[in-house]
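The structure appears right after this line, and notes come after that.
The values are calculated or read from the model by the stated rules, or taken from the named source; none is laboratory data. The structure displayed is predicted, hence computed values, not measured ones. Here Cβ is always computed from backbone atoms with ideal geometry, including for glycine, and neighbour counts include all displayed protein chains. All accessible areas refer to the heavy atoms of the entire protein, side chains included, with ligands and DNA or RNA removed. Shrake-Rupley method; radii C 1.70, N 1.55, O 1.52, S 1.80 Å.
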Amino acid sequence: MEKQDQVVKFIERAQKDSAIDTKHIALYMSIMYLCTIAKRETIPADRQELMKLAKISSTATYYRKMAMLNESGYVRYTPSQASDVPTTIKLEPL
């Protein structure tokens, strides 16, 4: 899917979703930015980089917002318990 279409669909869907706030939007756009640079739909999650891009200063906020985006079907967040396997984030089709 074209990134432009993905942005439009995300904004349209987020507008109707009362649970989405500015931190969710910033985090989603940061994920989209990294996916665009990597030219991939799935990226290894770099929490520190995403927090910096999304202007989120608290790890608790990051994990709460990421969990909500995952539960609501905006992204697929796959945490890894193994140190040699990266956590991944995939943009879901909207």
Residues satisfying the stated conditions in the stretch 77-93, i.e. of a type in the set (Gly, Ala, Ser) and either open to solvent by 50 Å² or more (accessible area, probe 1.4 Å) or within 16 Å of Thr22 (Cα to Cα) (or both): Ser83
Complete set of residues in the stretch 77-94 that are free of Cβ contacts under 8 Å to residues at least 40 places away in the same chain and not in a strand (DSSP E or B): Pro79, Ser80, Gln81, Ala82, Ser83, Asp84, Val85, Glu92
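Conditions tested, residue by residue: (1) farther than 27 Å from Ser80 by Cβ; (2) β-branched (Val, Ile, Thr).
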site: Arg13; (1), (2): yes, no
site: Tyr28; (1), (2): no, no
site: Thr36; (1), (2): no, yes
site: Ala45; (1), (2): no, no
